[in-house]
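Computed from the coordinates by the stated procedures, all read-outs in this text should not be read as laboratory data. Keep in mind that what you see is a predicted model, and the values were worked out from it rather than measured.
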Amino acid sequence: MTQRGHCILSHGFESGPDATKVTALADVAERLGFSCERPDYTGFDARRDVSELGDVSARFEHLLALTRSAAARGPVVLAGSSLGAYISARVSLQAPVVGLFLMAPPTRMGTAAPLDAADVPVSIIHGWDDELIPAAHVVDWAHPRRARLLLVNDGHRLSAHVQASADAFGALLSEL
């Protein structure tokens, strides 16, 4: 099968490239003919001397370099969970991508720039009961972008909605 594109799947803070959600996304992407990679940000996250969330700038620069390299070979879709969603969206402003899939995206992170993204198809899954990022903030962010938004009865980790996340990602990929 010819590859339809490449997906870069970014795990959340203090998670890892083998996390349940990014593994489920990789499985659906590969079934749909996309290649995938799952960068390991654990070394950046461990750098508490930089910030409470580790070295977010280094995480961003790492994803930016991977995205630019992959985009030179074909279409790229970025997906991420929480901090991974935030950096994926921000990277889309500086590297060519054809779609974004954001799970529990923080619309604001302290003094960091607010969440922003390229004008590409965006699909979001977020928990109504997210204890870190109010669902209303995500609705307000998604509305002017006309992003596809799935709100589920879950918290920040979306642990009860791994399959729903994979299905929503598959729907986005199928439409690209």
Query raised in the report: Given the convex hull of the Cα atoms of region 79-135, what is a quarter of its surface area in nm²?
Result: 3.7 nm²
Requested in this report: Take the alpha-carbon positions of region 53-107, form their convex hull, and give its projected area averaged over all directions (one quarter of the hull surface) in nm².
Outcome: 3.4 nm²
Requested in this report: Convert 20 °C to kelvin, take the viscosity as 1.002 mPa s, use the Kirkwood radius over C-alpha pairs of region 110-171 as Rh, and evaluate the Stokes-Einstein diffusion coefficient in µm²/s, rounded to a whole number.
Outcome: 173 µm²/s
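Taking only the Cα atoms of region 1-68, how large is their convex hull per residue, in Å³? It would help to have the intermediate numbers written out before the result.
Details: hull volume 4.5 nm³, N = 68.
Normalising the Cα hull of region 1-68 by residue number yields 66 Å³.
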Query - Residues whose placed amide H lies under 5 Å from that of Gly99, excluding near-sequence neighbours - result: Leu78
Report summary line: Taking the chain and counting helices only, DSSP H stretches of n ≥ 4 at -39,500 (n - 2.57) each over all residues, the nearest-500 ellipticity at 222 nm comes to -11500 deg cm²/dmol
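Could you state, as a whole-number percent, how many of the C-alpha pairs of the chain are farther apart than 26 Å? Spell out each step's value before the answer.
Working: 3047 of 15400 pairs.
So the pairs more than 26 Å apart make up 20 percent of the total in the chain.
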